[in-house]
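Written out below as structure tokens is the structure these notes cover.
The values are calculated or read from the model by the stated rules, or taken from the named source; none is laboratory data. Fair warning: this is a prediction, and the values are worked out from it, not measured in the lab. Cβ atoms come from the backbone with ideal geometry, glycine included; neighbour counts cover every protein chain shown. For the accessible areas, the whole protein counts, side chains as well, though only heavy atoms, and no ligand, DNA or RNA atoms are used. Shrake-Rupley method; radii C 1.70, N 1.55, O 1.52, S 1.80 Å.
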Amino acid sequence: MGRKLLHFQAFLSCGQHPLMYMLQASASFQNQRIPSDMVFLRTSEKAGSCFIRTDQLDGETDWKLKVAVSCTQRLPALGDLFSISAYVYAQKPQLDIHSFEGTFTREDSDPPIHESLSIENTLWASTVVASGTVIGVVIYTGKETRSVMNTSNPKNKVGLLDLELNQLTKALFLALVVLSVVMVTLQGFAGPWYRNLFRFLLLFSYIIPISLRVNLDMGKAAYGWMIMKDENIPGTVVRTSTIPEELGRLVYLLTDKTGTLTQNEMVFKRLHLGTVSYGTDTMDEIQSHVLNSYLQVHSQPSGHNPSSAPLRRSQSSTPKVKKSVSSRIHEAVKAIALCHNVTPVYEARAGITGETEFAEADQDFSDENRTYQASSPDEVALVRWTESVGLTLVSRDLASMQLKTPSGQVLTYCILQMFPFTSESKRMGIIVRDESTAEITFYMKGADVAMSTIVQYNDWLEEECGNMAREGLRTLVVAKRTLTEEQYQDFESRYSQAKLSIHDRALKVAAVVESLEREMELLCLTGVEDQLQADVRPTLEMLRNAGIKIWMLTGDKLETATCIAKSSHLVSRTQDIHVFRPVTNRGEAHLELNAFRRKHDCALVISGDSLEVCLRYYEHELVELACQCPAVVCCRCSPTQKAHIVTLLRQHTRKRTCAIGDGGNDVSMIQAADCGIGIEGKEGKQASLAADFSITQFRHIGRLLMVHGRNSYKRSAALGQFVMHRGLIISTMQAVFSSVFYFASVPLYQGFLMVGYATIYTMFPVFSLVLDQDVKPEMAILYPELYKDLTKGRSLSFKTFLIWVLISIYQGGILMYGALLLFEDEFVHVVAISFTALILTELLMVALTIRTWHWLMVVAEFLSLGCYVASLAFLNEYFGIGRVSFGAFLDVAFITTVTFLWKVSAITVVSCLPLYVLKYLKRKLSPPSYSKLSS
């Protein structure tokens, strides 16, 4: 299922290079993105390898080491690439960004050279070259590149409130049809009944709230403007005007870790030697110890004997003689300074090309232009710390590394072997030979689970690791073992043999390395903190109190993810954590799910691979169990998996989900969620541009949901129902009017009155509901529990809708019957009286609905009233019934009479007073939760 790519000569001899890219990343072309997926053929770096940054692919800001194909890297000159005959065989395009299988074959040599290609020989599109120049052959382009296969197409998002209002509008349409049919039936289907049916449909068409969409969309635009103008969350951008109400109804928040919860800046916090522990405030003591130990070495040069006999003695006597604290600190600092995969890089002076960068680096060891490169930010933090206490890493290549002591002396160490960190072994090792003493030492550092069985017996390691983990520090155990020349030679021969075996190579190599990992001397325990973003803990606490379940989806390692979950208080201190064991088939998944089912109230930590297996066989069971957890952490997630988890949650729970992230790898998840929030961070603006809302810091999400989410939902619910009420009340009056006049399909109000009713007379007060708020912002943030009520969706439901329908029918009936009862003698004035009462009722109803007055609301009420009174004078011909048929015009004299005024007032009072009384009683007898707080 692979593909064989064209021969080099086939596509290079024609003078064009359609499949070759040269990416320069020297002083002038640093940080170029790789345009397509390539196999890495050649680099300008001496070591034959280079670093790339993958933040837009997997969200991790640490640098990855990539290795050039050795066959092409060894060619004497760049031009020789064009003269060889070779081909690359690559597997078919797939989603997994962490694996690749292929072969490189050079045919024109005798015998042909075959090289296997793995993930470390590839450069995926969207990654950035961080050092040197790279040349590669393109294997996937366009839709087949890993980055494109891991992104999903954006979809249009529709808010839950809009869907609910659509349901209600359908119900209203049904009511309109039923009402019209009833009217025609009561007429007895006399004459051309179908024509009458359509006339009724048109007369009652006000039941359908056409102005609802206009009002809601204007409201949403207003909410967006308010969010962007909020001084407490500066820099927030609303990129969609359709779903601000969703912010008020979230149940699940899915967050990225790196750059969202953490700043991705590692700081060395703690060094523990078993009997003594050093924190940030006592680092100066370590500095003086290191300085003293190197000064002593200078004063007694005979202290280090190059022969191996004393070394053996010192090794055997380690447990018996207690070393001084000073020498133990010195050993620990030296081990940390040597056991890593960090390369110091010196920024080249302007005008110097990439090739001479290294020539210069040999002479210029000045501190200010040195930066460290490594595949893990933890390691950089450790090496930076050794520099701060006096032992500085000044240069490193594949064969050696050099340290500078506090006194300026440079120590050189030969790197004999490197054992890189893998997620299985959870440790890394290095064997070095000190050039000055010829002493061979095997250093090792790793996670406490992996190291506790390797080091000599001690009684403090497990306890201290637990203490540091509870503080949210990432712990590494450092150990060493001194080797004799014979021991090392014996190891090397076995190691080389294991590396050449074809079957079970990995197992055999691991077995040989494990033969060294015995009875190692425990040097120290280090604690590194990944600094959290500002106010992450209180924000997560607030969201949890608001009833929002938080899931952390990260591409990072399991240990790191668990660590951050504890330090950010995503998982509270008292809670257990259930780490889902790696599963590969159906049987294992079944057993592990059963084990998890027996646990109660504990957080779940699961890795991407296990998740994939469980979802394949037990999707429903896993989601159901995970939803009961207080917190879920998914680590080693690919971008597609993140989006898949969001989609699953939405389908299974039918609750609203929100995704928040800051890197290109979070885009799929942000687009899949009901509401996507992007953070502008170190990883670029890709996430914030793809999101519905863009914020500058994680802590702003608290105010965004508690205050703006709440207000948007409550206001839109009130606005939507009021607009429906406005249409229903006038249709009720029309129905009463028609039934009084023997079911005649005659309009009660003429054209302009109907148009003016929904616009100039009532629009401003009704729209001013978007300024209403039931709780002060400070209250909403202080009592996040108020947010829980919103997720139940009680502000807009069939129950509240029916209440508004009943109010409309009651008021419409009262207004029309009242007008007909009180005006028997001047029946022609019915229109003027009922319409005046209707407008007054609407204005009073707005006042009844409002919970917190704003000066603009008062202005809107009086403005509308003023417009109406003014129009009475101008539009008097509209206030007769059927203008021509009755020949009645509105006489201004009649409006100014006291009878007109008291009758209108009486009808209005009867239609509104009972509602005011009911509202007062309800507030007294069963007040809403927020009113208890505000009182």
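If you plug the beta carbon distance of Arg239 and Asp535 into 1/(1 + (r/R0)^6) with R0 = 25 Å, you get a FRET efficiency near 0.55. Extension gain for the segment Arg195 to Glu120, taken as residue separation times 0.36 nm less the Cα-Cα distance, is 19.2 nm to one decimal. Gain on full extension, evaluated as 0.36 nm per residue between Ser905 and Val67 minus their Cα-Cα distance, stands at 292.9 nm. Rolling a 1.4 Å probe over the protein heavy atoms gives segment 522-599 an accessible area of 42 Å² per residue. Label positions at Val214 and Leu75, each projected 7 Å from the Cα along the C-beta direction, are separated by 7.0 nm. Helical content of the chain, expressed as a calculated mean residue ellipticity at 222 nm, amounts to -13500 deg cm²/dmol (DSSP H runs of 4 or more residues, -39,500 (n - 2.57) each, divided by residue number, nearest 500). Distance between the C-alpha centres of segment 790-812 and segment 769-789: 21 Å, rounded to the whole angstrom. In segment 679-758, the convex hull through the Cα atoms has an average projected area of 8.5 nm², a quarter of its surface area. Taking a ≥ b ≥ c as the square roots of the eigenvalues of the alpha carbon gyration tensor, segment 399-511 is oblate, as a/c is not under 1.5 and a/b does not beat b/c. Surface composition of segment 25-150: carbon plus sulfur atoms contribute 53% of the solvent-accessible area (1.4 Å probe, protein chains only, all chains present).
Placing dummy labels 7 Å off each Cα toward the beta-carbon, the span from Ala847 to Glu492 is 9.7 nm. Going by the alpha-carbon gyration tensor, a ≥ b ≥ c the square roots of its eigenvalues, is segment 184-292 rounded (a/c under 1.5) or, if a/c is not under 1.5, prolate (a/b greater than b/c) versus oblate? Prolate shape, in that a/c is at least 1.5 and a/b is the bigger ratio.
In the structure shown, the pairs Lys143/Lys682; Lys157/Lys229; Lys269/Lys445 are assessed against 20 Å; a Cα-Cα span above that value is assigned to Lys143/Lys682; Lys157/Lys229.
Under the convention that each Lys and Arg Cβ holds +1 and each Asp and Glu Cβ holds -1, the size of the dipole of the chain around its Cα centre is about 2860 debye. Distance distribution note for segment 624-674: the fraction of Cα pairs above 18 angstrom is 27%. Looking only at the chain, where both bridge partners belong to it, what percent of the DSSP beta bridges are antiparallel (to the nearest 5)? For the chain, the DSSP antiparallel bridge percentage is about 75.
Charge tally around His114: other residues with Cβ under 12 Å, Lys/Arg +1 each, Asp/Glu -1 each, net -1. Angle of helix 505-516 to the longest C-alpha principal axis of the chain, folded into 0 to 90 degrees and rounded to 10: 60°.
What the Cβ-Cβ distance of Val181 and Arg586 gives, at R0 = 56 Å and to the nearest 0.05, is a FRET efficiency of 0.45. For segment 418-469, the solvent-accessible area with a 1.4 angstrom probe is 45 square angstrom per residue.
Considering every alpha-carbon pair of the chain, the percent of pairs per 10 Å bin, from zero through the bin containing the longest distance, is 2, 10, 16, 17, 15, 12, 9, 7, 6, 4, 2, 1, 0. Each residue, Ala744 and Asp367, gets one label point 7 Å from its Cα in the Cβ direction; the gap between the two is 10.0 nm.
If R₀ is 56 angstrom, what is the calculated FRET efficiency for the pair Glu471 and Ala511, using the beta carbon separation as r and rounding to 0.05? So the FRET efficiency works out to roughly 0.95. The long axis of helix 608-627 is offset from the longest Cα principal axis of the chain by roughly 40 degrees.
Looking at the P(r) of segment 412-461, how many percent of alpha-carbon pairs lie beyond 19 Å? The share of Cα pairs beyond 19 Å in segment 412-461 comes to 39 percent. Applying the criteria of a DSSP loop state and at most 15 other Cβ atoms within 10 Å to the trypsin sites (Lys or Arg not before Pro) of segment 675-748 yields Lys682, Lys685. For segment 163-262, with all protein chains in place and a probe radius of 1.4 Å, 69% of the accessible heavy-atom surface sits on carbon or sulfur. What does the C-alpha gyration tensor say about the overall shape of segment 25-150? Classify as rounded when a/c is under 1.5, otherwise prolate if a/b is larger than b/c, or oblate. Oblate, since a/c reaches 1.5 and b/c is not below a/b. The relative contact order of the chain comes to 13 percent, based on Cα pairs under 8 Å that sit 6 or more residues apart. Compared with the alpha-carbon gap, the fully stretched path from Glu424 to Glu231 is longer by 64.7 nm at 0.36 nm per residue. Note that segment 25-150 presents 39 Å² accessible area per residue, ligands and nucleic acids not counted, probe 1.4 Å.
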